[in-house]
Amino acid sequence: VVGRTRINPISSNRFRSVMITTAHRLRQLPSRRKAVASDDDHLILPDQDFSQQAHIPSFQKYQEMYKRSIQDPAGFWSQMASHFYWKKKWGQQVYSQNLDITKGNINIEWFKGGITNICYNCLDRNIESGNGEKIAIHWEGNEPGFDDSLTYNQLLERVCQLANCLKENGVKKGDSVIIYLPMLMELPISMLACARIGAVHSVVFAGFSAESLEQRIIDCKPKIVITCNAVKRGTKVINLKDIVDSALSGSSQNGIHVGVCLTYANESAMKREVTKWQKERDIWWQDAVPKYSTKCDVEWVDGEDPLFLLYTSGSTGKPKGVLHTTGGYMIYTAATFKYAFDYKPSDIYWCTADCGWITGHSYVSYGPLLNGATVVVYEGVPNYPDPGRCWDIVDKYKVTIFYTAPTLVRSLMRDGNEHVTRYSRKSLRVLGSVGEPINPTAWRWFFNVVGDARCPISDTWWQTETGGFMITPLPGAWPQKPGSATFPFFGVQPVIVDEKGKEMEGECSGYLCVKNSWPGAFRTLFGDHERYETTYFSAFPGYYFSGDGCRRDKDGYHWLTGRVDDVINVSGHRIGTAEVESALVSHPKCAEAAVVGVEHEVKGQCIYAFVTPVKGVTYSEDLKKSLVLSVRTNIGAFAAPDKIHWAPGLPKTRSGKIMRRILRKIASRQLDELGDTSTLADPSVVDQLIALADS
Ligand code: WTA
C-alpha cells in the first residue's frame with residue numbers, strides 16, 4: 001500500500017518562481033526546473049480492496065468515462081442530470097458557451113429551459129426515496145457534549161418554516177438574502193430555505209468585519225439579513241449582532257435600507273436579554289420561525305436562474321460577487337462529491353470548512369445533501385479544548401470521509417502525533433484536502449498518521465469560481481503522488497499555457513487555464529459582466545484563466561504551485577493584496593502601503609506589509625498595532641498582517657510602479673536574490689528597507 005520508493009521530506013518551497021511581466025500583472029511563472037525526481041516518482045498504490053468497491057475502480061474505467069465526458073459533454077452531463085428531479089426537462093441544447101473573448105461576449109449556460117429546484121432535490125427527493133429518517137446533519141457544538149441532529153424529514157420541516165417566514169417578510173424569487181451566521185444548523189437551513197423559494201443567498205463568512213459586511217450589503221441589496229446574536233469559538237465570545245448593527249447602519253447611510261434582521265438567539269454564547277435590539281427591524285428567529293407551517297411549496301426555477309452569490313477576493317479592487325446558477329451547479333457538486341470521495345450511502349461525512357466559503361457551499365451543504373449523505377457540522381475551532389478534538393469528533397460520529405485544509409493538517413502535525421493516535425479513527429476510509437497546495441510532508445503525515453496508511457487522500461483543486469472540484473484524485477482509481485492533485489475530473493479540460501497563451505503539451509509548467517465550460521462554472525460577476533470577462537477570459541483568449549500556476553509531470557500528474565496574481569492564500573483563505581493595502585492606507589497615519597505574501601509554516605502564506613507613515617510620524621509598536629487593527633476592522637481578523645515593515649520609501653520604477661518582486665525577496669529575506677535594482681527610480685530605498693528589516 002505504501003509507496004514504492006522511500007524519500008526524504010521535501011521542503012515546500014521547491015518551486016522557486018521567476019518574475020514575468022505581462023499586461024495582466026501575472027506574478028510568477030512556476031519554475032521549469034523539475035521537482036526533485038523522487039517526488040514525481042513516489043507512487044502510493046491504491047489498496048486493492050478499496051479499488052474493488054470503488055465507483056471508479058481503475059484508471060482504465062476513468063479514462064473511458066473521461067473520454068466520453070469530453071467527446072460528448074451534452075450526453076455525459078444529461079445522464080448525470082437524469083438522477084435528479086426536473087419538473088420540466090431542459091431544452092434541445094444541453095449547454096451553450098462562448099469562452100473566447102475575441103468572438104464576442106463570454107457566455108455559459110447549462111440545462112437552460114430545464115425547471116427544477118435544488119432544495120427539492122436535496123430534501124424532498126431523498127425523503128421520497130425512503131431516506132426521511134436518515135440523519136441529514138449531526139451538529140457538534142463548540143463545547144464537547146453539546147450536540148444536536150436533524151433527520152431529512154426534520155430538516156425539511158425546518159427549512160419550510162423558514163422559507164414561509166421569509167416569504168411572509170416579502171422575500172420573493174430573485175431577491176437576495178444575506179446570511180451572516182456561524183456554523184449552526186441554521187446556516188445550511190437558511191441556504192436551503194432561500195433556494196426553496198428561489199431567493200439568491202449570499203453567505204458572508206462570520207469572520208468578516210462590519211465594514212466588509214456593509215460593502216456586501218450595499219452591493220447586493222438584500223431584502224433580509226439573517227444572523228445570530230453571538231457565537232463562541234473556543235473560549236472567545238463574538239458578538240455578531242453588534243457587527244450586523246453597525247453594517248446595517250452603515251448601509252442605511254449609503255441609501256440601502258434592509259427592513260428585516262432575522263436573528264437566531266444562540267443562547268449558549270450569549271443571553272437574548274443583553275442583545276442590542278431595534279424593535280422595528282429585528283426579529284428573533286425562535287419567536288417567529290416556529291410559528292410557520294412545516295410545509296412550503298417549492299418555487300420552480302430555470303436551470304439558469306441564480307442560486308447564490310459569494311464574494312471573493314481578486315488581485316485588484318473590491319471583492320467580486322461570484323454568481324452561480326441552479327442546474328449546472330447542482331449536477332456538478334453532486335457528481336464531484338460522489339466520485340471524488342467515493343461516496344456511499346453508509347458514509348458519515350465531515351468537512352471542516354465554514355459555509356461562509358465556497359467549500360462550505362458545495363461540500364458541506366449542496367453536494368452531500370444532494371447525495372442524501374449524513375453530514376457533520378461543527379461549530380467550533382479544531383483545536384478546542386485540545387488538539388485531539390477533530391479525532392474525538394471522528395470517533396464520536398464514526399466519520400468515514402474527512403475533508404479539511406492543509407493549514408489544519410500542518411497545525412495538528414505540529415501539535416504532535418499523540419493527540420491523533422490516542423483516538424481510534426478506524427471509521428475513516430477517505431481523506432480530503434482543499435484550499436492550497438498540500439506540501440508532500442503534510443500529505444505524508446495526513447496519510448500515515450491520521451489515515452494509518454489506509455485512506456486515499458483526495459487533494460481537490462478548485463475555486464469559488466469553478467463551483468466544484470476540477471483536478472482531483474478519484475480514490476482507488478489510480479496511484480497517488482503526495483502533493484499532486486493528479487488528474488482532471490470528468491468534463492474538465494485543464495491546459496497549461498506559457499506567457500503568450502500557447503498551450504503546452506506533455507511535461508511542462510505554466511499558467512493553469514481551462515478549455516471549454518463545465519456545468520459548475522460561474523456565470524458572471526454580480527453586476528459587472530465586463531469585469532468577469534477581463535479578469536478571467538482576456539489574459540489568455542479562448543480559455544478560462546484560473547490565476548494559478550501548475551506543472552504537469554512526465555506521467556501527466558498535475559502539481560499546483562500557487563497563485564500567480566496578487567492574491568495571497570492565508571490558511572486557505574483568499575486575500576487580495578489590494579484590499580489589505582487599501583485597509584492600511586485608510587489609517588490616518590499611513591501614507592502608502594505595499595503587501596506581499598510570505599511562506600508560513602502553518603498558514604501556507606502570511607501577510608507581510610511594507611508601510612510608509614505620513615511625514616513626521618515616528619515608528620512605534622503602537623502604530624503597528626493600530627495599523628493591524630485597521631485591517632481587522634476593514635476586512636476581518638483573518639486578514640491581519642503578520643508583519644509590518646517600516647518603509648521610508650517603496651521600490652518603484654521610474655514610471656511609479658511598485659516592484660513587488662523586490663519586496664517579496666526582502667520579506668522572505670532572500671537578500672542575495674534581489675536581482676536587478678538599477679531600473680528603480682531610487683535604488684537606495686532597497687538598502688533602507690534591508691536596514692529596517694528587524695525594527
Ligand atoms: C487554491 C477554494 C492547490 C488555489 C476551494 C485556488 C488549491 C484558490 C487547492 C481558490 C488545491 C484550492 N491545491 N491549490 N487542492 N484548492 N487552491 O476560491 O490557489 O477560496 O486558486 O476556493 O485556492 O480559493 P477559493
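Some notes on this structure:
- Per-pair calculated FRET efficiency, R0 = 56 Å: Ser346 and Lys589 via Cβ, rounded to 0.05: 0.40
- Of the cross-linked pairs Lys61/Lys134; Lys232/Lys320; Lys87/Lys172, those separated by over 23 Å at the C-alpha level are Lys61/Lys134; Lys232/Lys320.
- Counting only DSSP beta bridges with both residues in the stretch 217-362, the antiparallel share comes to about 55 percent.
- Inter-probe distance in nm under a simple model that places probes 7 Å from Cα toward Cβ, at Ser38 and Asn448: 1.2
- The calculated FRET efficiency for Arg68 paired with Asp297, based on their beta-carbon distance and R0 = 60 Å, is about 0.95.
- Quarter of the Cα convex hull surface for the stretch 462-509, i.e. its orientation-mean projected area (nm²): 4.5
- Nonlocal amide H pairs with Thr486, under 5 Å, H built at 1.01 Å: His558
- Label zone (Thr102, point 7 Å along Cα-to-C-beta; backbone nitrogen cut-off 15 Å) within the stretch 529-543: 537-543.
- With the convex hull drawn around the C-alpha atoms of the stretch 202-266, the volume per residue stands at 73 Å³.
- Cross-linked pairs Lys318/Lys643; Lys338/Lys398; Lys112/Lys502: Cα-Cα separations exceed 28 Å for Lys112/Lys502.
- Distance in nm between pseudo-label sites at Glu533 and Ser668 (7 Å out along the Cβ direction from Cα): 3.6
- Calculated translational diffusion coefficient of the stretch 568-695 (4 °C, 1.567 mPa s; Stokes-Einstein with Kirkwood radius over alpha-carbon pairs) equals 88 µm²/s.
- Relative contact order for the chain: 14 percent, from Cα pairs under 8 Å spaced at least 6 residues apart, divided by residue count.
- The peptide list 492-504, 206-218, put in order of mean Cβ contacts within 10 Å with the highest first, becomes 206-218, 492-504.
- Rounded Å value of the spacing that divides the Cα centres of the stretch 46-79 and the stretch 420-471: 21
- Furthest towards positive pole of dipole, Tyr608, Gly562, Cys550, structure part the stretch 538-642, Cβ charges: Tyr608
- Point-to-point label distance, Asp242-Lys87, nm (Cα→Cβ direction, 7 Å offset): 4.5
- Amide H contacts under 5 Å for Gly562: Gly549, restricted to partners 5 or more places along the chain or on a different chain, H placed in the peptide plane at 1.01 Å from N.
- Here the chain carries DSSP beta bridges of which approximately 65% are antiparallel, counting only pairs with both residues inside.
- Length gained when the stretch Ser620-Thr235 is fully extended (0.36 nm per residue, less Cα-Cα span): 135.5 nm
- Orientation-averaged projected area, Cα convex hull of the chain (nm²): 29.5
- Over the stretch 341-408, relative contact order from alpha-carbon pairs under 8 Å, at least 6 apart, %: 43
- Listed by chain and number, the aspartates and glutamates placed with their C-alpha closer than 20 angstrom to that of Lys624 are Glu579, Glu581, Glu592, Asp642, Asp694; residues fewer than eight positions away on the same chain are left out.
- Qualifying aspartates and glutamates (Cα of each under 13 Å from Cα of Lys221; at least 8 residues distant if same chain): Asp175
- In this structure the amide hydrogen of Ile179, modeled in the peptide plane, comes within under 5 Å of the amide hydrogens of Ser202, Val203, Val204, Ile226, none closer than 5 places in sequence on its chain.
- Annotation: Cα Rg of the stretch 292-381 relative to the compact-globule expectation 2.2 N^0.38 Å equals 1.24.
- Relative contact order of the stretch 276-340, taken over Cα pairs closer than 8 Å and 6 or more residues apart, is 24 percent.
We did not get these values from a lab; they are worked out from the coordinates using the rules stated. Predicted model, so just to flag it, every value in this text is computed and none were measured. Because the Cβ atoms are built from the backbone with ideal geometry, glycine has one as well, and the counts that use them run over all protein chains shown.
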